[in-house]
Amino acid sequence: MSVQSPVEPESDLAPAPRQPRRVGFSQTLSRWDVKVSPYLYISPFFILFFITGLFPILYTGYVSVHKWQLLQGQGDFVGFDNYVDVFKQKDFWLSLRNTLSIFVLSSVPQVIAAILIAAFLDQNLRAKTFWRMGVLLPYVVAPVAVGLIFGRVFADQSGLVNAWLGAIGIDPVRWHVDPLASHIAIASMVNFRWTGYNALIFLAAMQAVPRELYEAAIIDGAGRVRSFFSVTIPQIRATVVFVVITATIGGLQIFDEPRVFDSSGAGGASRQWLTTTLYLYNTGWSGQYNLGRAAAIAWILFFIILAIGMVNFAATQRIATSGGREMSRKAKRAAKRNAKRYSA
Amino acid sequence: MNSIPAIEQSAGRGAARASARKANRRVGGYDRRPNLLSYIILGAVVLIGLLPIYYTLVIGSSDPVAIAQKALPQLFPDASLFDNFQRVMDADAFSFWKAVWNSVLIAVVVSASTVLFSTLAGFAFAKLRFPGRRGLLVFVIATMAIPTQLGVVPLYIIMTKLGWIGHLQAVIVPALVGAFGVFWMTQYLEEALPYELIEAARVDGATMFRTFWSIALPAARPAAAMLALFTFVAQWVNFFWPSIVLNNQNPTLPLAIRLLQQNYFVDYSLIMAGVFLMTLPLLVLFAFAGRQLVAGIMAGAVKG
């Protein structure tokens, strides 16, 4: 920054004249830097999203109204024929039934178990980190691996679960034949991988509950169970909504586990565990090679997820309305305060 | 301290009970050690998590005849596990080491680029003022709700046009940066990076990028490490999209292990040996960085 002058002692008595042009130029540069940099920094996400996210989504609509085979490529415009074809297929309705059934069997027990595990973790445990890591362990087992392992655990012949059932005198269940049984098997894979993960999310929410509320509950004469239902659950309501919504988006797209539940990957001999995403895959990339119809399935699936997501949102909003709302308002106010402080 | 009966008289029975509790174990049950039952239940939960991994090792050490006859052919894994590992590595259907290399390459490249681009965007969203900031951030968050399947068909068509089918870039490029990472880093930097530091750097004449590189990036390190971990895990276990754009000649590990299942004769000892080989790297990662994964989930309510 300093201006170097060949004659040393003179400089501070008679300051060298500034160089207005250079300073002006660097100022312009700096102003541009300030103006353009933010957009530059967020641009990688937006560029990538437009190319691999937004454009394909819109293009899906285009493909879905055309005849479009995997090998031949684009064909004639066919209007809504692909959609009509999809709705006419028995497999589509089967896949819808299977997806919903697996989704309910996985999300409901999972959320309940996760909340209970979180309640047990939300104590002054010895070796806290050990227990938290312990419940998270299944998360690092890939869904494909879980699917292959549980495919064996739930094997119809000499599978582990059937052996246990036999030990207590129950006839072996035909996990790979009976629709409901196969749904239970696949749902248990999902539950295996995600319950501990969600328990930690709930644990984080529980730890944010002000301890005075528990003290107040105790003073009012509430026991542990009562304060769990009257304090904990209402206080973590927002988190329950969050977990249910993410479980909906993920659960309705289930693919990996049903794909590897048997060696054919087609969703069972009579499509007992064909899920909608598996149906989409089979329509586009194995068997029919019909991309136009696959695109139609993608759009239909999107609207189903949207609808069920909104139903779930409304339903979970209603659960335990007292207390929670006040808290979230408080949190909002705090957030607003912070925002104001930072932007000032 | 008042006596318990006195409290009962003046403030009611509940207060007395609370006070009694406080006297020997502090209020709220938060500070006191939980009872044995809690440990037993949590122990059972952890055991259920470990059971499939144990089962994998046992089946991976047995022979197909024994597996067909008994649910639990033996109680402990033994040395034949390593023979089965060897059989996976020598499999004809795919090149095992190529699959390992592909999985490592994809997971490392995607994690690195996700961290870099997410931190850049997070820095801009959290600490820089520019028109449209709020709207664009809302847009980023909204994109997280879009299911991946929606764009799969056209994305595949794009990949075909580019000639990328069967090549790793078909998996890597769409995953280079995601909305979750941007949102995650924005949230973290909002709290972790004081404006004073940025201003100081600017006053010292640092350019925007220099400010990012020397101030924001170091400040973002803890969150960046977690983001890298989650991205790595998500890529390592990724199956749907790779199974569309990659093939048997150039698979990732999950695709390769799935191929073991497609033999005419399904050999579970081979499959389970493969399953364990595929899971082992993440188990090792978990042993070293499980603590960060736990902290990451609890800090941000992540879902990846």
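No lab work stands behind these numbers, since they all come straight from the coordinates. Values in this document were obtained by computation on a predicted structure and should not be read as measured data. Cβ placement follows ideal geometry from the backbone for every residue including glycine, while neighbour counts extend to all protein chains displayed.
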Discussion item. Ignoring everything except DSSP H segments at least 4 long, calculate the 222 nm mean residue ellipticity for chain A; use -39,500 (n - 2.57) per segment, divide by total residues, nearest 500.
Written reply: -22000 deg cm²/dmol
Practice prompt. Among A:Leu40, A:Pro234, A:Gln272, flag the residue with its Cα farthest along the positive direction of the charge dipole of the protein assembly as shown, charges on Cβ as +1 for Lys/Arg and -1 for Asp/Glu.
Written response: A:Pro234
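Determine, for each peptide in B:282-294, B:116-128, A:219-231, the mean count of other beta carbons within 10 angstrom over its residues, then list the peptides with the highest first.
Going from most to least packed, we get B:116-128, B:282-294, A:219-231.
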Practice prompt. Measure out, as a whole number of angstrom, how far apart the alpha-carbon centroids of segment A:260-319 and segment B:93-128 sit.
Written response: 28
Worksheet item: Which residues' amide hydrogens lie under 5 Å from the amide hydrogen of A:His66, considering only partners 5 or more residues apart or on another chain, with H built in the peptide plane?
Response: A:Val78
Response to the item:
With the charge dipole of the protein assembly as shown built from beta-carbon charges (+1 for Lys and Arg, -1 for Asp and Glu) about the Cα centre, the Cα from A:Leu160, B:Ile172, A:Ser26 projecting farthest to the positive end belongs to A:Ser26
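Using unit Cβ charges (K, R positive; D, E negative) and no other charged atoms, how large, in debye to the nearest 20, is the dipole of segment B:101-234 about its Cα centre?
In total the dipole reaches around 260 debye.
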Worksheet item: In whole Å, what is the distance between the alpha-carbon centres of segment A:39-95 and segment B:147-161?
Response: 7
Discussion item. Using Cα-Cα distances under 8 Å and only pairs 6 or more residues apart, what relative contact order does segment B:101-234 have, in percent?
Written reply: 46
Worksheet item: With charges only on Cβ, +1 for K and R and -1 for D and E, what is the dipole size of the protein assembly as shown about its Cα centre, in debye, rounded to 20?
Response: 2360
Worksheet item: Who wins for biggest fluctuation among B:Met272, B:Met144, B:Met185 in a Gaussian network model of chain B, springs between alpha carbons below 10 Å?
Response: B:Met144
Worksheet, complete the sentence: Rg/Rh of chain A (Cα atoms, Kirkwood Rh), to two decimals, equals 1.16
Worksheet item: Are there any helices in chain A, counted as whole DSSP H runs, that stretch 18 Å or more along their axis by Cα and score at least 0.5 on average by Kyte-Doolittle, and if so which?
Response: A:90-121, A:179-207, A:237-251, A:291-318
Response to the item:
In terms of the charge dipole of the protein assembly as shown, which places +1 on Lys and Arg and -1 on Asp and Glu at the beta carbon, the residue among B:Ala124, A:Gln69, B:Val275 farthest towards the positive end is B:Ala124
Worksheet entry | Descending principal axes extents, segment B:101-234, alpha-carbon based, whole Å | 50, 34, 24
Discussion item. Classify the protein assembly as shown from the C-alpha gyration tensor, please: rounded if a/c falls under 1.5, else prolate or oblate depending on whether a/b exceeds b/c.
Written reply: oblate
Practice prompt. May I ask you to evaluate 6.51 cos²θ - 1.76 cosθ + 1.60, the Karplus curve with θ = phi - 60°, for each residue of segment B:96-102 and list the ³J(HN,Hα) values in order in whole Hz, giving x for glycine and proline?
Written response: 4, 5, 5, 4, 4, 4, 4
Worksheet item: To the nearest 20 debye, what is the magnitude of the charge dipole of segment A:81-338 about its Cα centre, counting +1 on the Cβ of each Lys and Arg and -1 on the Cβ of each Asp and Glu?
Response: 1060
Worksheet item: Fewest first, what order do A:Ser182, B:Ser80 take by the number of other Cβ atoms within 10 Å?
Response: B:Ser80, A:Ser182
